[in-house]
Amino acid sequence: MFNEKIKKVALSATAITAMSAGAAAAQEACTNYTVQDGDTMATIAIAAYGTSNYQPIFNANRNEITNPNALEPGLVLALPCEDGSLPNGQSAQEIIAAEEQRAASVKRSSVYQPPIKLVTGNGWAPFADESLNGGGAITRLGTTALQRGGNARDYSVSFVDDWNSHLETLLPLGAFDVSMAWNMPDCTNRTYEWSWETEVRCTQFDSSVPVYDIVVGFYTIPESQYANATTFEELKDATICRMDGWFIHDLEQEGLHNGETITLMQPITARECLDAVLTGTADVATFEVQLFSDTMVEMGLNQNDLVENPYVTSLSSLRFISHRSNPFGKQYLAMLNKGLNEMRETGEWYAIVSDTLREHNEKLMAASN
């Protein structure tokens, strides 16, 4: 996982502050917007919400955006409202309530079947955090998908922060059936040399359909030579910081190999990566855009301190995984897939994500006051 920290559909703490500051900003946010020549995801987010975090816009328009680095003029984007709902649509809470009422009427089998043991991390708000409703967005998506997929079994959710243990012991030894949620490489792509991590994921684990798509940004000080690199090739020879436990196959696919074409730093936290860039220890920090926005707020930084490169980004799909030795693994993933597909069709997927992010943002606002 952490191979996978993802984050938000609703607004960041700074975005909510901006929206409450004036009706014009709120009106701009809760509308459809036609992309103009020269627009970027970040500039649209700043105009609508007062923050460069554009993951909420990306989430709301995932079927329309193929490359967040290159928006086509004329593309119409739905800019989420303050509560995470879409312009002129039902609120997240209304959709969730309607789907829960429908699901409650489904009859459950009384035939005994083994309980499903789910595991994720903790302290990874808003996606996996015991302090949030349902354990966070990813946890809620997983448990809801099981029910929508026809599960009649009992299930449990555990939070184990040592993500590497999920891959190395917990799933292989059968302590848990499914881990939520992981970035999986394209295992059909053998055009680059696989690292040990990629080899393990592709040969020992099965995965669900995409659960959540994240945008991974690249961040530098404004005056850096890498601030406006237009290709990944131009990042070669840089010292790049990404946290320990995060996936690196996206870098490898672009020819950025640690010790060969780049120097890779892997501290524990995102804050350490941003500190490394600010002090010159690293040239570039790279991780998910929502985490960047949250960390910038926590550190009291703004766009004068660190900027996102507007030309290089990578997309990553987070999934649920099961070890191939698990006799029920494929069955559980099939149920999750069925449930996730239904949730996307009904709008429940987006409703759960935006509702959890709204809750998370309210906590961030309360903490900052």
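The values are calculated or read from the model by the stated rules, or taken from the named source; none is laboratory data. All figures in this text were calculated on a predicted structure; none of them were measured in a lab. We place every Cβ from the backbone using ideal geometry, glycine too, and count neighbours over all the protein chains shown. Areas reflect the complete protein model, heavy atoms only, side chains present, ligands, DNA and RNA absent. Shrake-Rupley method; radii C 1.70, N 1.55, O 1.52, S 1.80 Å.
The portion of the accessible surface of the stretch 231-369 made up by carbon and sulfur, rounded to a whole percent, is 48 (1.4 Å probe; DNA, RNA and ligands excluded). If you take all other residues with their beta carbon under 11 Å from the beta carbon of PRO267, and give Lys and Arg +1 and Asp and Glu -1, the sum is -1.
Name the most mobile residue of GLY38, GLY150, GLY136, meaning the one with the largest mean-square fluctuation, in a Gaussian network model of the chain with Cα contacts below 10 Å. For the chain, modelled as a Gaussian network with Cα springs under 10 Å, the answer is GLY38. Legend: calculated FRET efficiency, ALA70 to THR31, from the Cβ-Cβ distance at R0 = 25 Å, rounded to 0.05, equals 0.65. At R0 = 25 Å, how high is the FRET efficiency between PHE328 and ASN133 if r is their beta carbon distance? Nearest 0.05 is fine. Computed FRET efficiency for PHE328 and ASN133: 0.35. Considering only ALA98, ALA128, ALA227, the Gaussian network model of the chain with Cα springs below 10 Å gives its largest mean-square fluctuation to ALA98. In summary, the aspartates and glutamates within cross-link reach of LYS363, defined as a Cα separation below 18 angstrom excluding same-chain residues under 8 places away, comprise GLU82, ASP83, ASP129, GLU130, ASP294, GLU298, ASP355. Can you give me the % of accessible surface on the stretch 33-98 that is carbon or sulfur? Probe 1.4 Å, all protein chains present, nothing else counted. Exposed carbon and sulfur together represent 47 percent of the surface.
What is the local net charge at VAL307, summed over the other residues whose Cβ is closer than 15 Å to its Cβ (Lys, Arg +1; Asp, Glu -1)? Around VAL307, the surrounding residues sum to -4.
Using a ≥ b ≥ c from the Cα gyration tensor of the stretch 282-369 (square roots of the eigenvalues), is it rounded, prolate or oblate, where a/c under 1.5 gives rounded and otherwise the larger of a/b and b/c decides, a/b for prolate? It comes out prolate by the Cα gyration axes. Springs join every pair of Cα atoms under 10 Å in this Gaussian network model of the chain, and among GLY347, GLY300, GLY123 the largest mean-square fluctuation is at GLY300. Using the Cβ-Cβ distance between THR263 and ALA175 with R0 = 35 Å, the FRET efficiency computed as 1/(1 + (r/R0)^6) comes to roughly 0.45.
The chymotrypsin sites (Phe, Trp or Tyr not before Pro) found in the stretch 67-156 that occupy coil by DSSP, while having at most 12 further C-beta atoms within 10 Å, are TYR112. For the stretch 127-215, the fraction of 1.4 Å probe accessible surface lying on carbon and sulfur atoms is 46 percent. With the helix formula -39500 (n - 2.57) applied to DSSP H stretches of n ≥ 4, the chain reaches a computed 222 nm mean residue ellipticity of -10500 deg cm²/dmol. What share of the DSSP beta bridges in the chain is antiparallel, in percent to the nearest 5? If we restrict to bridges inside the chain, about 60 percent are antiparallel.
Looking at the stretch 53-203 alone, DSSP beta bridges between its own residues are antiparallel in about 10 percent of cases. Rolling a 1.4 Å probe over the heavy atoms of the protein chains gives the stretch 115-252 an accessible area of 36 Å² per residue. Take 175-185, 232-242, 277-287 and order them by the average number of nearby Cβ atoms within 10 Å per residue, most first; the result is 175-185, 277-287, 232-242.
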